[in-house]
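The values are calculated or read from the model by the stated rules, or taken from the named source; none is laboratory data. Quick caveat, the model's predicted, so the values are computed rather than measured. Cβ coordinates were reconstructed from backbone atoms using ideal geometry, including for glycine residues, and neighbour counts include every protein chain displayed.
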Amino acid sequence: MSGAGPRAEDQANGRAYGADPSDSLRIIHAAATEDPKRLLLVGHNPGLHELAFALTGSGQHRGAPRARDNLPTSGLAVIDFDIDDWDDVRSGAAGSSCSSARNC
């Protein structure tokens, strides 16, 4: 797929698999040193669901109610932030979100 867009870099971090929300947030903040435009965090429940809820649960955007319910097996949470730096990600900081690819 030549010319499909910028090549994504991947960095495996074994700490993400069973991470609790605070561990996941530390991983997100660590991304500030490389400053990617987009970040994909792959993990495991319940920590990933709890992180999505902490970042979006109190918001009024369309993904907030679904984040309160559950992030199912193989689920996807897409969360946008209106921030200048990954260090600025914190609970309630999500600008918009959706909880599955079909709702995005």
Just the residues that are part of a loop (DSSP other than H, G, I, E, B), farther than 14 Å from Phe81 by Cα and not acidic (Asp, Glu), please, taken from the stretch 22-40.
none
Out of the residues in the stretch 88-103 meeting the condition of being of a type in the set (D, E, K, R) and loosely packed, with under 14 Cβ neighbours inside 10 Å, tell me which one is modelled with the lowest pLDDT.
Arg102
For Ala67, only one of the following conditions fails: (1) outside any strand (DSSP E or B); (2) among the aliphatic types (A, V, I, L, M); (3) at pLDDT 75 or above. What is its number?
(3)
If you scan the stretch 1-48, which residues turn out to be surrounded by 10 or more Cβ atoms within 10 Å (Cβ to Cβ), modelled with pLDDT of 75 or more and polar (S, T, N, Q)?
Ser22, Ser24, Asn45
